[in-house]
Amino acid sequence: MSAGADVCLIAEGGYPYVVGGVSSWADALMRASPQLSFHVIAISVSSQARRRSFVLPANAVDVTDVILDVCPRGRTPAHSEADKIKQILGLLEIALTSGDRSTLEELIEQMRITGFGQAALLDSKEGWHAMERAYERLLPNGPLLDFFWSWRFLVRSLLAMMSTPLPQARVFHAVATGFSGVVGSYARLVAKTPLLVTEHGIYTNERRIELAVADWLFDSEVGGFDVATAPAELRSIWLNAFQSFSRISYAVADVITTQYRANQSFQRADGAPDDKLRIIPNGIDFTKFAAVPRDAAQRRPTVVMIGRIVPIKDIRTFIIAVALLKDLVPNVSAILIGPEDEDPEYAASCRQLVQQVGAESVIDFLGRVPDVLKYLSSADVLALSSISEAQPMAVLEAAATGLPIVSTDVGSCREIIEGFEGDPVDGCGGIVVEPCNPKAMAEALATILHDDALRSQMGEVMRRRVGSYYHKNRVTRLYETLYAELMAPIPASHRCGIP
Amino acid sequence: MPESSVGCPLVRSAIAPAAAAQSLAGRSDIVRIGRPGERPVGVMGWLLGFVIMLLGWQIALFLALFGGIIQFGVYAGTHILGCFVLAAYLVCRLNSTVASERYSAALQMVAWSAFAGPFGAFVAASLSFPLARTSSRILRDGHIESLTTDSSALERVERMHIALLDRHVRLEGASGIRPLMDVIAEGSRSEKLEALRVVYRRYEARLSTVLKRALRDPDTSVRVLAATVTAKLHTKYSRKIGDCQIGAAANPKLAQNWQTLAEARLAYAESGLLESPRARAQIEFAVRDLSHAAELDPANGTSASLLDRARRRLEAWRT
């Protein structure tokens, strides 16, 4: 165990190994408060490469890895302990289907008392019978093999999370519900340290969407066209587990934050208590971005898009929009900035699409660039074609440089572009379009590119809005205040945790 | 969005060892029609004729014996020889044809009549024909079942089709299934999400209206899933076109490659996912590819008919 930290940040599948919006956010959060020390718990699976993509900031004291599919073997059970194994596996099944705070509390207590692990709960005869019973209940007539591996993974992940070596910290901060939330809840109950949960996107919604279109997941389709009665499917096993994890996280957390209002209705629907909910937006280094001078040199009208070349960014829509745009703005140029290594197959299909639509002379794929500011200063509009976002940093940063935005109606993009209730800055800083609608995007881009006055007016609105609401200093202050509030001694009467 | 959250990658990694089983398990919902004992109408007619012939022959022989026209030895010889010849014929037919059901049933009748004369033939016929009565039932089970393509199976399917048309068969709980568009317009969030999953799994051009409606849904999560489904479907079609383009570029002298490319373009154009100008552009490209295929292989009738179809579609657009 390392020396104590002020905050233990619990990240799932991302920081410090994978580049992305949430990872960048976590990195920026730590750098913004150098007076606080951070310990990072990185949750991943054994097949994921653990090569750091981020250089840890000086105030990050250590990183602890939690590998979900590797759990302690525990002691070998005696024959007389079959009932105890059965009882714990019953609790595990509840935790994976309809768990709540008390389930996790009891599970932690039982695991502590018995010292059981994989040997007793998965590799024993009783463990096998429990799996069979769970199969009969949860996926009757489904593919047993798939259920077996799913069950094994989920149980192992719970055991791995409940054996996390907890660092000393004054606040645990989970960067999502899901696995991060369960590790945070475990820490909250065992170490009796306050837990803050921050959700960028709503975890259960995102998993539901991913599972709905997962081609690799077996689906019997016995439900046919009936959407009212949900038949037991493998995906429902996973979805129930994720929902259960969220419920546990919401119940145990002291404070739950998200970046924008629309997310809170989902959190409430998933069981988050109203009095724990708060909004803290993403913050950017406004001063740095606002100081970038606009490139006034004569050049082609330029559209820039910043994002990883992955399906969720719907690069395809952007490419087709640009192909349509070149008919409306003949000398237009489009720049795509973002890494292509996360989904090389998709990136290849995007390049193919550029050829299909005959836009090779218009669209440039730049990959990762060392200095994105150079491109922002010489662009006329930023486009975002994502089909799912929370509060995209790329939009905030471009807005701070005074670029108007054309974005799909996802996450908080409408709030950023059109303003929100109580927003001190009036006006629109761009145009919001329907997702997956290249024509609408092309027309919106053309509208802005054709009208110099409109472009500069929108750019100014964006700059002022971001400067007032999404300023890093303001956001840092909000987090620091929240940390301080949570670190304050809790009156004994309010203290919660296992007895 | 936690773009790199462990979420689905771990689901994938967790069940990867079972992937090999999925190809089999994925076939489990194939509908099996009818029962093993059922016989189609064509078989029935042939069997009926056979039974009448067998019974007539056996009764005539029996009456001739009791009327004193023939002696028992002649009766027994004729009976045994006749049954043997019939059985030999049926066995030969049984081994040389795929529609073996009629011959095996007839063989059973001959065996019965060989042992018990006309009484045996009568018993065999009465045992066989009740099974041949039409009974329609859809069995939907979890067992792995493969579709057979023999003529008896096809006849069963045809019979089931007729029964459906005659409204003699209904799906249990069908009245509870609402059209997907209604669900998108009025359903709860979870119903809408489920409906979109169904749209993705069973996508056809007619469902594009459901997707477009869902893209304008007031609920963000419904819009996001609709957008995800739309993007995935677009990717499927455009990836197919891309693959075909690569194939055609690698071997441009092969007419089949250009035809496959044109087929992929036509499928995309007719998917309902593209707005009119882009669908038309795809058909124009398909016409170009098919013309190229026709130049390379003028004798290919499929290319010619596809080209004709594509040109007619373009013409319809112009007018």
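What to note about this one:
Quick grid of which residues meet (1) in contact with a helix residue (DSSP H, G or I) (Cβ under 6 Å, 6 or more places away or on another chain); (2) over 19 Å from A:A394 (Cα atoms); (3) not charged (D, E, K, R):
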residue	(1), (2), (3)
A:V410	no, no, yes
A:I431	yes, no, yes
A:C436	yes, yes, yes
A:A442	yes, yes, yes
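- Wholly within segment A:371-470, helices (runs of 4 or more DSSP H) carrying at least 3 residues that are within 24 Å of A:G338 (Cβ to Cβ) and within 14 Å of chain B (Cβ to nearest Cβ): A:393-400, A:413-418, A:438-450
- Condition met for A:G127 (in a loop (DSSP other than H, G, I, E, B), in contact with a helix residue (DSSP H, G or I) (Cβ under 7 Å, 6 or more places away or on another chain) and at pLDDT below 95): no
- Check on A:P438, in the same structural domain as A:R300 (by TED's automatic domain parsing), in contact with a Leu (Cβ under 9 Å, 6 or more places away or on another chain), at pLDDT 90 or above and more than 21 Å from A:Q298 (Cα to Cα): yes
Here is a yes/no grid of residues against (1) at pLDDT below 85; (2) loosely packed, with under 14 Cβ neighbours inside 10 Å:
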| position | (1), (2) |
| --- | --- |
| B:V43 | yes, no |
| B:I69 | no, yes |
| B:Y75 | no, no |
| B:A87 | no, no |
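- Residue check, A:W238 within 7 Å of chain B (Cβ to nearest Cβ) and modelled with pLDDT of 90 or more: yes
- Only one of the numbered conditions (1) more than 10 Å from chain B (Cβ to nearest Cβ); (2) within 25 Å of A:L478 (Cα to Cα); (3) touching a helix residue (DSSP H, G or I) at 6+ places or on another chain (Cβ under 7 Å) is not met by A:S244, and that is (2).
- Members of segment A:399-429 found to be in contact with a Pro (Cβ under 9 Å, 6 or more places away or on another chain), of a type in the set (A, V, I, L, M) and more than 12 Å from A:R465 (Cβ to Cβ), listed by number: A:V410
- Residue check for A:I320: among the aliphatic types (A, V, I, L, M), in contact (Cβ under 8 Å) with a residue 24 or more places away in the chain, part of a helix (DSSP H, G or I) and out of contact with any Gly (no Cβ under 9 Å at 6 or more places or on another chain): yes
- Test: A:V61 is surrounded by 17 or more Cβ atoms within 10 Å (Cβ to Cβ) and farther than 26 Å from A:T114 by Cα: yes
- When segment A:344-370 is limited to residues that are more than 10 Å from chain B (Cβ to nearest Cβ) and surrounded by 18 or more Cβ atoms within 10 Å (Cβ to Cβ), the one that is nearest to A:I309 (Cα to Cα) turns out to be A:A347.
- Residue within segment A:314-321 that is among the acidic types (D, E), buried (at least 22 other Cβ atoms within 10 Å of the Cβ) and facing chain B (nearest Cβ under 9 Å) present: yes
- Scanning segment A:33-84 for residues that are within 20 Å of the chain's Cα centre (by Cα) and not in a loop (DSSP other than H, G, I, E, B) yields A:F38, A:H39, A:V40, A:I41, A:A42, A:I43, A:S44, A:V63, A:T64, A:D65, A:V66, A:I67.
- Screening segment B:200-234 for residues that are small (G, A, S), more than 17 Å from A:S385 (Cβ to Cβ) and more than 7 Å from every other protein chain (Cβ to nearest Cβ) and picking the one that is surrounded by the most Cβ atoms within 10 Å (Cβ to Cβ) gives B:A214.
- Leading residue by the ranking (farthest from A:M30 (Cα to Cα)) among those in segment A:274-291 that are part of a loop (DSSP other than H, G, I, E, B) and touching a strand residue (DSSP E or B) at 6+ places or on another chain (Cβ under 8 Å): A:I280
The values are calculated or read from the model by the stated rules, or taken from the named source; none is laboratory data. All of these numbers come straight from a predicted model, not from anything done at the bench. Glycine also receives a Cβ, built like all others from the backbone with ideal geometry; neighbour counts cover every protein chain displayed.
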